[in-house]
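Please read the structure below before turning to the comments.
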Amino acid sequence: MSFASLLATDSFISFMSDGRVTSVDNTIVQEGYSKLHRVSDEIILAMTGSKDNAERILDNIHMYDKSSVESFTLSLLEGITDNGPTPQVLMLIGGRNRLGKLVFTSVNTMTTHYSLDTVEPGGVSGEILYNSQNLSFNAYEYFGVTVQNALKNNKIFDKETAFNIQKELNDKVAKEDITVNTRIFHEIIFK
C-alpha cells in the first residue's frame, strides 16, 4: 500500500488513493483496496504501509474519540502506541475541527509527531503519502507545481480541479511504480 494524496482548501479537503496492495517483494496481492476510510461525517483517514498494520488500526477504530480531528488524532496515536507493537503506517487525517474549520495532518506512526494545518481563504495545500524513491521525477515537487499552475490558470479551485490534479499525479506515479495502480478511490469533506 504505497500511495495517497490530499488537497485542502478552506472549503473542502479531497483525499485520493490508488487501490493496489503489494507484498514486501512487490508481488501484487490486491487491486481494489481503498486506503481511505471515512471515520465519521467529520473525519477521513488515509493510510499507506502494510495492509495488515492498517487493518489492525481499523479494527480498533471504534475505540477512538471521533468528536473532532484533534481528538481523533490524539486518541488514535495514544491507542496504537498503548496496544502492543506500534503498527508502521503513514497516515493523512483530515476533517472539521472543534470550531468547524477544516484541518489536516500527516502522521508517521513510528514518530507519532503531528501538527494540524489549516488553509487560509483562497489558499490550497497538499500532502502525499508515498514511500518509494523509484521515480524519475520528484512526486512532491510535481504535485506542488501542478497545484500552482492550476491556481494561476483557474479562477476557482474547486473539487473537480483537485480531483484532476490528484488523479494526474496518481497516474504518473503508477506508470513508473508497480506498487501503484490507476484504480482510484476518492473521498471529500466539505466545510
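The requirement of being assigned to a strand (DSSP E or B) and under 16 Å from the mean Cα position of the chain (by Cα) is fulfilled nowhere in the stretch 73-86; no residue meets it.
When THR112, THR182 are checked against the criterion of being open to solvent by 70 Å² or more (accessible area, probe 1.4 Å), in a loop (DSSP other than H, G, I, E, B) and either in contact with a helix residue (DSSP H, G or I) (Cβ under 8 Å, 6 or more places away or on another chain) or of a type in the set (Phe, Trp, Tyr) (or both), THR182 stands alone in meeting it. Of a type in the set (Lys, Arg) and in a helix (DSSP H, G or I): is that true of LYS66 in this structure? Here the answer is no, as LYS66 does not meet what is asked.
The set of residues from the stretch 152-170 being in contact (Cβ under 8 Å) with a residue 60 or more places away in the chain and under 14 Å from ARG183 (Cα atoms) comprises PHE163, GLN166, LYS167, LEU169, ASN170. Only residues that are in contact (Cβ under 8 Å) with a residue 24 or more places away in the chain and either open to solvent by 30 Å² or more (accessible area, probe 1.4 Å) or over 18 Å from GLY95 (Cβ atoms) (or both) were counted in the stretch 38-51, giving 6.
Being of a type outside the set (D, E, K, R) and not in a strand (DSSP E or B) is the filter; apply it to the stretch 12-32 and report the residue that is surrounded by the most Cβ atoms within 10 Å (Cβ to Cβ). Within the stretch 12-32, the match that is surrounded by the most Cβ atoms within 10 Å (Cβ to Cβ) is GLY19. Restricting attention to the stretch 1-37, the residues that are in contact (Cβ under 8 Å) with a residue 12 or more places away in the chain and either in contact with a Pro (Cβ under 7 Å, 6 or more places away or on another chain) or acidic (Asp, Glu) (or both) add up to 3.
Any residue that is part of a helix (DSSP H, G or I), touching a Ser or Thr at 6+ places or on another chain (Cβ under 9 Å) and over 21 Å from SER40 (Cβ atoms) - is there at least one of those in the stretch 88-100?
If we filter the stretch 88-100 for residues that are part of a helix (DSSP H, G or I), which is where we start, we get none.
Scanning the stretch 88-100, I find no residue that is part of a helix (DSSP H, G or I), touching a Ser or Thr at 6+ places or on another chain (Cβ under 9 Å) and over 21 Å from SER40 (Cβ atoms), so the answer is no.
Quick check: is even one residue across the stretch 1-11 touching a strand residue (DSSP E or B) at 6+ places or on another chain (Cβ under 7 Å), at pLDDT below 90, open to solvent by less than 40 Å² (accessible area, probe 1.4 Å) and not in a strand (DSSP E or B)? Scanning the stretch 1-11, I find at least one residue that is touching a strand residue (DSSP E or B) at 6+ places or on another chain (Cβ under 7 Å), at pLDDT below 90, open to solvent by less than 40 Å² (accessible area, probe 1.4 Å) and not in a strand (DSSP E or B), so the answer is yes.
Residue by residue, here is whether (1) under 17 Å from PHE15 (Cα atoms); (2) not hydroxyl-bearing (Ser, Thr, Tyr) holds:
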| position | (1), (2) |
| --- | --- |
| ILE43 | yes, yes |
| THR48 | yes, no |
| ASN53 | no, yes |
| SER67 | no, no |
| PRO85 | no, yes |
| THR109 | no, no |
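The values are calculated or read from the model by the stated rules, or taken from the named source; none is laboratory data. All values derive from a computational prediction rather than experimental measurement. Cβ: placed from backbone, ideal geometry, glycine included. Neighbour counts: every protein chain shown. For accessibility, only protein heavy atoms count, side chains too; no ligands or nucleic acids. Shrake-Rupley method; radii C 1.70, N 1.55, O 1.52, S 1.80 Å.
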